[in-house]
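Heads up: the structure comes next, in structure tokens.
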């Protein structure tokens, strides 16, 4: 076994068989002839030269037989290996061609003069041509975006960047134009330059996009119409509230009873608080947002002008960050601030100068803190305020606790201070 391996490696190596077999055969032949000549000349044996020649020829033939038999064995092994490799390559090529032809994307190779070099079945199905027809065509015959010069410039550009993706329009055999998404790659094969392109029909995607754009346009139009209607609604609500306020004002002028006049005036003020929100919504660019700072500033200015006839020297300090409040929440907060400010105007200042109302709003840990403070005379029993049966206090408590899910507290600090706490989610 070891000798066989050594012989296979040294003598029967396929790479060196021709030269080594020829050398061995020559050495054996020449050695045999020399020995035969010496034997005959020296008369060492009494065998006629003819029989010696025959014997020598038979020995050489036997040696040649074993050499050729081994060579034939090697040839068969080599042939079998080659056939196996060829079979595997054919199978791989068959699978590769099957995958290409059954691909959803069209595949085609272009030479740099714009001619088709290879196309798959998907390309034929997509463009409506047979493979043979496509292989006789040029790029610009089926692509609307390329002339001869443009095609060559573009192919050169692909060569520079190696890979690119773009959208184009290609024409089917029946004349129908198709939007195609193309992924193109530059490569070389056997010294020749090619562009391998993969094309995908994006007609359905374009139709889907167009449908979405059309739907968005209709939706935008519908939203605009609804916003117009909602603004008109806010405008009419504001007008109706102003009509009610005017009726109360007329009644106010006809009544002499002081308590009744005060009730009518407060009702007018509360209605104005609600009307003002609708006015801001009507004038705003969006219907879901109110500039809370501007709204509170305008609201309290109107409250002062309505109630503080003899106290026009009231100073307002408002500090409210840009926090989004819904329409309902804005009205609720406005009603609470209305009641607190009216109470300060009526009871805190007592005809004094340098009267101040401070309103601040802060957000911390998703909790909103509204603080309304005046520098008025205060109240002896601050805790009794929450137990009061007045309509204003009841409104403050009801709105804060039941509608804003918060809490309210009063305290004294160089005047009366009201602290209101409620979660941010209650105003969104």
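Every read-out reported here was derived from the displayed coordinates using simple, explicitly stated rules and does not represent laboratory data. Quantities reported herein were computed from a predicted structural model and do not represent experimental measurements. When we count neighbours, we look across all protein chains shown, and the Cβ atoms used for this are built from the backbone with ideal geometry, even at glycine.
Before moving on, here are some points about what is shown:
- As a length-normalised measure over Cα pairs under 8 Å and 6 or more apart, the relative contact order of segment 102-142 settles at 37 percent.
- Residue 76 versus residue 135: modelled label distance in nm, points set 7 Å from Cα along the beta carbon direction: 4.0
- The slack between residue 293 and residue 377, meaning 0.36 nm per residue of separation minus the straight C-alpha distance, is 27.5 nm.
- Extension reserve of the residue 364-residue 398 stretch, reckoned as 0.36 nm per residue once the Cα distance is removed: 9.9 nm
- Efficiency of FRET from Cβ geometry, residue 354 and residue 213, R₀ 51 Å, rounded to 0.05: 0.25
- Mean sequence separation of contacting Cα pairs (under 8 Å, at least six apart), scaled by the length of segment 307-428, corresponds to a relative contact order of 29 percent.
- When the square roots of the Cα gyration tensor eigenvalues are ordered a ≥ b ≥ c, the ratio a/c for segment 307-428 is 1.5 or more and a/b exceeds b/c, which makes its shape prolate.
- Here segment 375-423 is treated as a sphere whose radius is the Kirkwood value from Cα pairs; by Stokes-Einstein at 4 °C and 1.567 mPa s it diffuses with a coefficient of 114 µm²/s.
- Cβ-derived FRET efficiency at R0 45 Å, residue 174 paired with residue 88, nearest 0.05: 0.60
- Compactness index (Cα Rg / 2.2 N^0.38 Å), segment 104-201: 0.98
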